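Worksheet: one structure, shown below.
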Amino acid sequence: MSHVSRLLRRTFLASALLAASLAQAQPGAPIKLLVGFPAGAGTDALARAIGDKLKDELGAPVVVENRAGAGGQIAAQVLKSSPADGHTFLVSHDHTISILPAVTKNPGFNPASDFTPVAGIATFSNVLAVSAGTPAKTIQEYIQWVRTQRGGKDSIGVPAPNSIPVFLTQLISKKYGVDVQAAPYRGGAPMLADMMGNQIAAGIAGTQDLMELQRTGKLRVVAAIGAKRDPLLPHVPTFTELGFENLNDYPWYGVFAPVGTPQPVIDKFSAALQKVLANPETHKKLTEMGLHVNYETQGQFAGRVRSYTQTWEGIIKASGFQPQ
């Protein structure tokens with residue numbers, strides 16, 4: 001077989017495979033949005049908010065499927081094993097993609113080789129909040145309270161073990177020379193319940209978990225991650241303002257597909273998502289959740305994920321943490 005014939009044959013086979021993949025993603029076939037957290041959690045609420053509108057843009061039913069457990073690890077494993085036919089996507093925040101692989105020996109997936117970023121949805125901030133039972137209104141006042149009222153020791157609630165709030169707690173302890181330890185909970189809800197009951201004096205969580213409690217004065221946010229102050233919390237200084245390093249990158253929500261998903265399928269989904277996020281009703285709903293609607297193209301989102309992952313891999317490594 002001549003070189004030209006072989007080249008033509010390879011081109012034909014590649015075209016046939018692409019056509020077959022696209023044919024599988026038939027108009028009207030159900031589209032599944034995997035979520036790695038329980039129904040009612042922040043990621044679930046976000047997926048359902050966009051899913052309701054995506055079905056109109058894509059002309060197909062959109063179903064949210066909760067595969068809760070292990071910080072999104074189970075859902076990520078399901079995505080890895082799913083056909084790359086445009087029927088299955090993962091709605092995820094940064095923990096599953098950027099943090100889990102850095103703190104887990106065998107997560108069962110590699111985001112860089114198993115997934116294709118599709119588009120960014122929104123950003124938010126991880127924040128330090130204190131309970132209304134403490135007199136502190138700033139991080140400095142909280143630290144002073146720990147020194148004078150707790151003998152220099154305290155526990156800061158975090159929604160999950162081996163998560164960004166854990167490593168942020170370590171950075172706070174180191175910077176201010178106090179012994180504050182992360183107290184992991186099974187989710188943000190029980191942690192916030194203990195804060196409101198004054199069982200713990202402080203906690204770290206995403207803005208989407210505690211905005212309503214901040215609005216009603218049931219707790220006070222005293223510091224936030226981000227390059228600049230959160231417009232939803234304009235009175236709250238950033239950790240960067242307070243002298244912390246490498247805490248400029250915002251946590252994010254975005255969509256991923258199995259690697260090998262045809263580019264036309266990804267482009268169609270991304271374009272539909274852009275329209276959904278521009279919808280005033282959707283925008284209002286996500287903003288009320290404490291999120292900043294921030295549609296990003298595939299390339300923009302991939303760059304965000306890459307930069308964010310590199311930053312936190314460095315912080316985790318510098319902490320001396322050993323993957324478990």
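Per-structure values
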quantity	calculated
Anchor K53: lysines whose Cα lies under 29 Å away (excluding residues fewer than 8 positions away in-chain)	K32, K80, K268, K275, K284, K285
For segment 248-324, Kirkwood radius (reciprocal of mean inverse C-alpha pair distance, Å)	14.8 Å
Potential extension, R306-K284 segment - 0.36 nm per residue separation minus Cα distance	5.1 nm
Fraction of antiparallel bridges per DSSP, the chain only, in percent to nearest 5	55 percent
Kirkwood estimate for the chain, i.e. one over the average of 1/r between Cα atoms, Å	20.9 Å
Stretch gain in nm, segment T138-E65, where the contour uses 0.36 nm per residue and the Cα spacing is subtracted	22.2 nm
Extension gain (nm, one decimal) between K275 and K228, 0.36 nm per residue minus Cα-Cα	14.2 nm
Of all accessible heavy-atom area on the chain, the percent that carbon and sulfur account for (1.4 Å)	54 percent
Rounded FRET efficiency, nearest 0.05, which uses the C-beta distance separating T297 from D179 and R0 of 56 Å	0.80
Pairwise label distance in nanometres, R215 with D52, each label 7 Å out on the Cα-Cβ vector	1.6 nm
Using a Förster distance of 35 Å, the FRET efficiency for N246-N198 (Cβ separation, nearest 0.05)	0.60
Per-peptide average of other Cβ atoms within 10 Å, ordering 231-244, 207-220 highest first	207-220, 231-244
Accessible surface, the chain, averaged per residue in Å² (probe 1.4 Å)	45 Å²
Residue-averaged [θ]222 nm for the chain, counting only DSSP H segments that reach four residues, each worth -39500 (n - 2.57)	-14000 deg cm²/dmol
Fluctuation leader among K228, K175, K80 - the chain, Gaussian network, Cα springs under 10 angstrom	K175
Heavy-atom accessible area order for S125, S113, largest first, 1.4 Å probe	S113, S125
Cα long-axis angle, helix 263-278 against the chain (0 to 90 degrees, to the nearest 10)	40 degrees
Label point at K105 placed 7 Å out along Cα→Cβ; residues across segment 294-324 whose backbone nitrogen lies under 13 Å	322-324
Residue of G36, G71, G303 that the Gaussian network model of the chain assigns the largest fluctuation, springs spanning Cα pairs under 10 Å	G303
Radius of gyration and maximum dimension Dmax of segment 190-280, Cα, Å	18.0, 52
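The values are calculated or read from the model by the stated rules, or taken from the named source; none is laboratory data. Predicted, not measured: the structure shown is a model, and the values here were computed from it. Using ideal geometry, Cβ is built from the backbone for each residue, glycine included, and neighbour counts are taken over all protein chains shown. These accessible areas exclude ligands, DNA and RNA; they are computed on the full protein's heavy atoms, side chains included. Shrake-Rupley method; radii C 1.70, N 1.55, O 1.52, S 1.80 Å.
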